[in-house]
Amino acid sequence: MENPLAFQGAEKARRIQAMFAGIAPTYDQLNRWLSLNIDQYWRRAAVQEVAEMLRRSGAMALDVCCGTADLTLELGRLAPTIGVDFCQPMLVRGLAKVHRNGLPVCLLAGDALALPFPDAAFDVVTVAFGIRNVVDLDRALAEMHRVLKPGGKAAILEFSHPVIPGLKWLFGLYFTQILPWIGNAVSRSGYAYTYLPASVQFFPDQATLANHLTAAGFCDVRWRNLSGGIVALHTGQKPRMADGC
Ligand SMILES: C[S@@+](CC[C@H](N)C(=O)[O-])C[C@H]1O[C@@H](n2cnc3c(N)ncnc32)[C@H](O)[C@@H]1O
């Protein structure tokens with residue numbers, strides 16, 4: 001199957017779904033190997049951004065594009081959390097982890113572009129390494145905004161554009177030459193780990209993604225570079241009043 005980046009709209013979404021179905025069995029292991037375990041630190045940094053809100057009584061979180069539920073489970077340590085993803089094999093692996101942990105976490109099949117929840121249902125909405133894969137970024141952000149309660153917080157963790165020149169070069173070499181070779185070989189996918197760096201290259205940089213969040217209606221939009229900007233953690237708040245921040 002060809003690289004999803006060669007397609008648009010529903011066909012691209014179908015290929016992305018199939019791609020993640022294909023790599024689901026090795027997804028967690030490769031995340032740990034290819035990031036030298038740093039991916040878990042990135043997810044914990046996202047949880048820290050929303051921890052205060054989640055410790056409030058009755059708070060609930062939604063983790064969009066939850067995949068195998070690594071971030072969902074971290075959120076579940078603080079508050080009841082729902083994870084949603086459109087790839088069943090990823091969810092099945094996540095469910096096994098949920099059952100082992102016994103945390104108040106529930107996983108559902110659903111599309112980030114049409115979240116199966118009413119308006120203003122959650123205090124916190126997160127997405128880790130998923131927003132780059134949705135076929136309509138602005139619609140996904142609008143959905144995250146819709147399901148947040150007024151005053152609620154969104155946190156978006158995503159590969160971004162390194163801001164340190166030497167690191168940019170070194171990481172670029174690793175990300176485009178070494179990672180695809182290992183990832184494609186171990187996962188036995190012809191392209192999933194070639195798609196990964198290519199999709200990051202086409203994804204908005206830190207400031208541009210912040211602009212998309214603002215355009216979606218979020219206020220107090222900020223970002224923090226993690227690991228020199230290899231990953232960026234964006235946050236935004238849904239205004240308490242309908243007329244703005
Ligand atoms: C790179 S994985 C990230 C998984 C997880 N959040 C993590 O931190 O490891 C991206 C996930 O996004 C999901 N995804 C992509 N587009 C989606 C959509 N439109 N709706 C729901 N899930 C989607 C894929 O199925 C995949 O599980």
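The values are calculated or read from the model by the stated rules, or taken from the named source; none is laboratory data. In this text the structure is predicted, and so the values were computed from the model without any measurement. Note: ideal-geometry Cβ built from the backbone for every residue, glycine included; neighbour counts use all protein chains shown.
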Starting from residues that are within 15 Å of the ligand (Cβ to nearest atom) and not in a strand (DSSP E or B), keep the ones in segment 147-169 and report whichever is surrounded by the most Cβ atoms within 10 Å (Cβ to Cβ). S160
Take V105 and tell me if it is touching a Ser or Thr at 6+ places or on another chain (Cβ under 7 Å), closer than 23 Å to V50 by Cα and among the β-branched types (V, I, T). yes
Qualifying residue in segment 216-223 (condition: out of contact with any strand residue (DSSP E or B) (no Cβ under 7 Å at 6 or more places or on another chain), assigned to a helix (DSSP H, G or I) and among the small types (G, A, S)): no
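Being at pLDDT 95 or above, in contact with a His (Cβ under 8 Å, 6 or more places away or on another chain) and within 18 Å of C65 (Cα to Cα): is that true of I131 here?
The answer is no for I131.
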Conditions: (1) surrounded by fewer than 18 Cβ atoms within 10 Å (Cβ to Cβ); (2) at pLDDT 95 or above. L71 meets all but one. Number of the miss? (1)
Might you let me know whether segment 118-135 holds any residue that is surrounded by fewer than 22 Cβ atoms within 10 Å (Cβ to Cβ), part of a helix (DSSP H, G or I) and either of a type in the set (S, T, N, Q) or more than 11 Å from the ligand (Cβ to nearest atom) (or both)? no
Taking only pairs six or more apart or across chains, which ones have beta-carbon atoms under 6 Å, a first residue in segment 5-25 that is at negative phi and away from the ligand (no atom under 13 Å from the Cβ), and a second residue that is modelled with pLDDT under 95 and not in a helix (DSSP H, G or I)? none
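Quick check on this structure: which one of G172, G183 is crowded, with 19+ Cβ neighbours inside 10 Å and closer than 27 Å to G228 by Cβ? Don't jump to the end; show me each part of the working.
Numbers: G172 fails: crowded, with 19+ Cβ neighbours inside 10 Å.
Sole residue among the options that is crowded, with 19+ Cβ neighbours inside 10 Å and closer than 27 Å to G228 by Cβ: G183.
So in segment 31-52, with the set limited to residues that are aliphatic (A, V, I, L, M) and either crowded, with 20+ Cβ neighbours inside 10 Å or touching a Leu at 6+ places or on another chain (Cβ under 9 Å) (or both), which one is nearest to R132 (Cα to Cα)?
Among those residues, the one meeting the criterion is A46.
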Name the one entry in D28, D63, D70 that is within 13 Å of the chain's Cα centre (by Cα), under 20 Å from S189 (Cβ atoms) and among the acidic types (D, E). D70
